[in-house]
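Structure record follows, encoded as structure tokens.
The values are calculated or read from the model by the stated rules, or taken from the named source; none is laboratory data. Just so we're clear, the structure is a prediction, and the values are computed from it rather than from any experiment. For neighbour counting, all protein chains shown are included, and Cβ atoms are generated from backbone atoms with ideal geometry for every residue, glycine included. When the accessible area is computed, the model is the full protein with side chains, heavy atoms only, and any ligands, DNA or RNA have been set aside. Shrake-Rupley method; radii C 1.70, N 1.55, O 1.52, S 1.80 Å.
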Amino acid sequence: QVQLAESGGGLVQAGGSLRLSCGASISIFSFQQMGWYRQTPVKQRELVATIARDRVTNYADSVKGRFTISRDNANNTVYLEMNSLKPEDTAVYYCHARYWADQLWGQGTQVTVSP
């Protein structure tokens with residue numbers, strides 16, 4: 001069973017930074033695309049950023065210029081570097097991977113940004 005595991009969430013003040021990590025139980029080169037999504041109790045899960053096998057990236061407008069997604073194929077890990085964090089970035093962040101016809105999700109990691 002292929003698994004994704006996030007880490008790196010926590011509490012940070014507005015303007016601060018956090019780096020999220022998503023480790024996979026298999027080579028991430030097996031995935032057509034990986035990405036990060038986020039969800040709050042009052043909002044649907046939304047796309048934050050994606051990175052394809054060829055490293056082409058895509059970002060939500062709300063995080064462009066502040067967040068950076070990257071991948072380390074050797075360590076089977078995808079990262080989300082989050083800078084200039086805002087209270088509205090507070091959410092549970094989920095790692096996602098597209099694996100053949102399947103959509104894989106991690107268990108989520110909480111990010112809380114205080115004013």
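General observations
- Unique residue being free of Cβ contacts under 8 Å to residues at least 40 places away in the same chain and at negative phi when the list is Glu81, Glu46: Glu46
- If you go through the range 40-78 and keep only what is modelled with pLDDT of 95 or more, in contact with a Phe, Trp or Tyr (Cβ under 7 Å, 6 or more places away or on another chain) and among the polar types (S, T, N, Q), you end up with just Ser70.
- Taken together, Arg53, Arg38 contain a single residue that is within 24 Å of Gln3 (Cβ to Cβ), in contact (Cβ under 8 Å) with a residue 24 or more places away in the chain and open to solvent by 70 Å² or more (accessible area, probe 1.4 Å), which is Arg53.
- Residues of the range 72-90 satisfying the condition of being charged (D, E, K, R) and touching a Ser or Thr at 6+ places or on another chain (Cβ under 7 Å): Glu81
- Test for Val63: is it open to solvent by less than 30 Å² (accessible area, probe 1.4 Å), touching a residue at least 12 places away in the same chain (Cβ under 8 Å), out of contact with any Asp or Glu (no Cβ under 8 Å at 6 or more places or on another chain) and under 23 Å from Gln110 (Cβ atoms): no
- Selection over the range 84-115 of residues that are hydroxyl-bearing (Ser, Thr, Tyr), touching a residue at least 60 places away in the same chain (Cβ under 8 Å) and either open to solvent by less than 40 Å² (accessible area, probe 1.4 Å) or under 18 Å from Lys43 (Cβ atoms) (or both) gives a count of 5.
- The strands (runs of 3 or more DSSP E) falling completely within the chain that include 1 or more residues that are among the polar types (S, T, N, Q) and under 14 Å from the mean Cα position of the chain (by Cα) map to 4-7, 18-24, 33-40, 43-52, 57-59, 67-72, 77-82, 109-114.
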